[in-house]
Structure formats: structure tokens, C-alpha cells
1. Taking the Cβ of residue 73 as the centre, find all other residues whose Cβ is under 15 Å away and add up their charges (Lys, Arg: +1; Asp, Glu: -1).
2. Heavy atoms only, probe 1.4 Å: what % of the accessible area of the chain goes to carbon and sulfur, would you let me know?
3. What FRET efficiency, computed as 1/(1 + (r/R0)^6) with R0 = 35 Å and r the Cβ-Cβ distance, is obtained for residue 3 and residue 123, rounded to the nearest 0.05?
4. In square angstrom, what is the accessible area per residue of the chain with a 1.4 angstrom probe?
5. Per-residue HN-Hα couplings for segment 43-57, Karplus 6.51 cos²θ - 1.76 cosθ + 1.60 at θ = phi - 60°, whole Hz, x for Gly and Pro?
6. Run the simple label-point estimate for residue 25 and residue 68 please: 7 Å along Cα→C-beta, distance reported in nm.
7. Put a dot 7 Å past each Cα toward the Cβ at residue 47 and residue 100; how far apart are the dots in nm?
8. If I ignore ligands, DNA and RNA and count only protein heavy atoms, how much of residue 107 is accessible to a 1.4 Å probe, in Å² to the nearest 10?
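The values are calculated or read from the model by the stated rules, or taken from the named source; none is laboratory data. Here the structure is a predicted model, which is why all the values come from computation and not from measurement. Note: ideal-geometry Cβ built from the backbone for every residue, glycine included; neighbour counts use all protein chains shown. Only protein heavy atoms, including side chains, enter the accessible area calculation; ligands, DNA and RNA are left aside. Shrake-Rupley method; radii C 1.70, N 1.55, O 1.52, S 1.80 Å.
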Amino acid sequence: QVQLVESGGGLVQAGGSLRLSCAASGSIFRIQAMGWYRQAAGKPRELVAAITSGGQRNYADFVRGRSTISRDNAKKTVLLEMNSLKSEYTALYYCNADVTYYNGIRWYTADYWGQGTQVTVSS
């Protein structure tokens, strides 16, 4: 079984910074892409940033230039640092990972999600 556990959300004032962390655990052979998504109330889930195992990064337009995603492949963690936060960034932030694992019988590749961490930006 694979689990993703997020931390680092909370309440921050507009213009402030926040760092989100996600750790993957379980019988993991390899993690391909890891990323962060967000879902605001009444809106669909959307990509914030993603990073491949080779370090290639992809950012949504609304965070490009004000956020940095990084990962530690050995520790199976991904970090998202967000700066100059705006009130419209208030949302539930989810960690996502594309994981290859072996269950003792066969290999699987599947998409996993964390439980989400709330980010609230006060104006």
C-alpha cells in the first residue's frame, strides 16, 4: 500500500510565504512525477506545480515566478514553497504521485493522492 502525507498548510497573511511538504511511504519501487494540486470551494481541482524524477518542473501560470517545487528522490518527498501569497490561493492543497510498486505478485503503476492540507490566505 502507498500513502502520501502532506504537512505545512495553515493560515497566512497575503504577501506571506508557506512551504508544503509531502512524504510518500509504502512498498514503492519508483516514483515518476510528483506534484501539487489545489481545489478551492466550488471549483475543480487544478495543477499548481509538478516535478519529474529527473527534475523537470512544470508550474501553473498563477504561481510561476512566485513558487518553487523540489523533491528528494531518496527520501520520497516533494516540497512546494509559495511566496507572495494572494487570498485567491486559499484552497485545499493535495499532493499527487505517480508510483510504481510491487505487491508480491506483479508490478503496478498508479496515481496516488494525499488527504489534502488546507491553505488559507487572509487579505
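1. With Lys, Arg at +1 and Asp, Glu at -1, the net is +3.
2. Result for the chain: 47 percent of the exposed heavy-atom area is carbon or sulfur.
3. Between residue 3 and residue 123 the formula returns 0.50.
4. 54 Å²
5. Working through the residues one at a time gives 10, x, 5, 9, 5, 9, 6, 9, 9, 7, 5, x, x, 6, 10 Hz.
6. Going from the residue 25 label point to the residue 68 one covers 2.8 nm.
7. Reported label-point gap for residue 100 and residue 47 is 2.1 nm.
8. Answer for residue 107: close to 130 Å² accessible.
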